[in-house]
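Heads up, the thing below is written out as structure tokens.
The values are calculated or read from the model by the stated rules, or taken from the named source; none is laboratory data. If you're wondering where the values come from, they're calculated on a predicted model, not measured in any experiment. Note: ideal-geometry Cβ built from the backbone for every residue, glycine included; neighbour counts use all protein chains shown. Protein only, heavy atoms only, side chains kept; ligands, DNA and RNA dropped before computing areas. Shrake-Rupley method; radii C 1.70, N 1.55, O 1.52, S 1.80 Å.
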Amino acid sequence: MAKDSESEIVAEAHQILGDQEEILAAGHFGLANLIIAQIAGGTAGGIATESVTGSNSFSSALGVGLGGLAAVKASAEAQGVTMKMIVAITPEKIHLLNRDTGGRLRSEVATFRRDAVDIDIANIGLSRHVTLTDRPTGHVVELHGSVSWLSSQAKGDKIVLDLLAHDTAVSG
């Protein structure tokens, strides 16, 4: 099982990128559009469970949770990514890396040069939506991360977000 502390996320990124890469920060992020899949899958799972078991609140809640999880996993893999990915920042690049692929998916999803990417960070409660737009190609990736004190991965996400915000200020 993957770990969530910032140092463990950095170590996991080193396993993918190699130890020669200097990783300034790493955090767990997901594709922003997976939230819609979670809502749809959870709704379907709750309805399906209730139609089979009747109106049992525990069974319905379990159906919502499992339905949402299954929908997110299927939607992520259909897009070529894992549910949780690593955003690793090196001095020159922003790497978007798949986690725990079991050989099903490529390890590296995308790489952006830090000096050639437009970054937009939107605050939505304790979530952060990050849009990375590669200026040379126009390629866009939309991610979400957490800054919640309840999230074990938030420390890494906050460090990544701070570096991305700094890049935005420097280039802006």
message: Against the definition (open to solvent by 80 Å² or more (accessible area, probe 1.4 Å), part of a helix (DSSP H, G or I) and either modelled with pLDDT under 80 or closer than 25 Å to residue 19 by Cα (or both)), how does residue 160 come out, yes or no?
response: no
- prompt: Which numbered condition trips up residue 73, out of (1) at pLDDT below 90; (2) part of a loop (DSSP other than H, G, I, E, B)?
  reply: (2)
- request: Please tell me if residue 110 is loosely packed, with under 13 Cβ neighbours inside 10 Å, among the small types (Gly, Ala, Ser) and part of a strand (DSSP E or B).
  value: no
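Out of the residues in the stretch 137-147 meeting the condition of being touching a strand residue (DSSP E or B) at 6+ places or on another chain (Cβ under 8 Å) and of a type outside the set (A, V, I, L, M, F, W, C), tell me which one is farthest from residue 32 (Cα to Cα). It would help to see each step written out before you state the result.
Initial filter on the stretch 137-147 (touching a strand residue (DSSP E or B) at 6+ places or on another chain (Cβ under 8 Å)): 139-147.
Pick out the ones that are also of a type outside the set (A, V, I, L, M, F, W, C) and you get 139, 142, 144-146.
Details: 139: 15, 142: 5, 144: 5, 145: 9, 146: 12 Å.
Per the stated criteria, the residue is 139.
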- line: Apart from one, (1) open to solvent by 20 Å² or more (accessible area, probe 1.4 Å); (2) out of contact with any Lys or Arg (no Cβ under 9 Å at 6 or more places or on another chain); (3) in contact (Cβ under 8 Å) with a residue 60 or more places away in the chain all hold for residue 144; the odd one out is (2)
message: Go through (1) over 13 Å from residue 89 (Cβ atoms); (2) of a type outside the set (A, V, I, L, M, F, W, C); (3) open to solvent by 50 Å² or more (accessible area, probe 1.4 Å); (4) in contact (Cβ under 8 Å) with a residue 40 or more places away in the chain for residue 129 and report which single condition fails.
response: (3)
query: Are there any pairs, at least 6 apart or on different chains, whose C-beta atoms fall under 8 Å, with the first in the stretch 85-112 and farther than 16 Å from residue 10 by Cβ and of a type in the set (Ser, Thr, Tyr) and the second modelled with pLDDT under 80 and not in a strand (DSSP E or B), and if so, which?
result: 101/82
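Restricting to the stretch 132-141, name every residue that is surrounded by fewer than 17 Cβ atoms within 10 Å (Cβ to Cβ) and in contact (Cβ under 8 Å) with a residue 24 or more places away in the chain. Can you show your working first?
Pass one, the stretch 132-141, residues surrounded by fewer than 17 Cβ atoms within 10 Å (Cβ to Cβ): 133, 135-140.
The one that is surrounded by fewer than 17 Cβ atoms within 10 Å (Cβ to Cβ) and in contact (Cβ under 8 Å) with a residue 24 or more places away in the chain: 139.
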- prompt: Hey, any hits in the stretch 25-38 for a residue that's at pLDDT 55 or above and open to solvent by 70 Å² or more (accessible area, probe 1.4 Å)?
  reply: yes
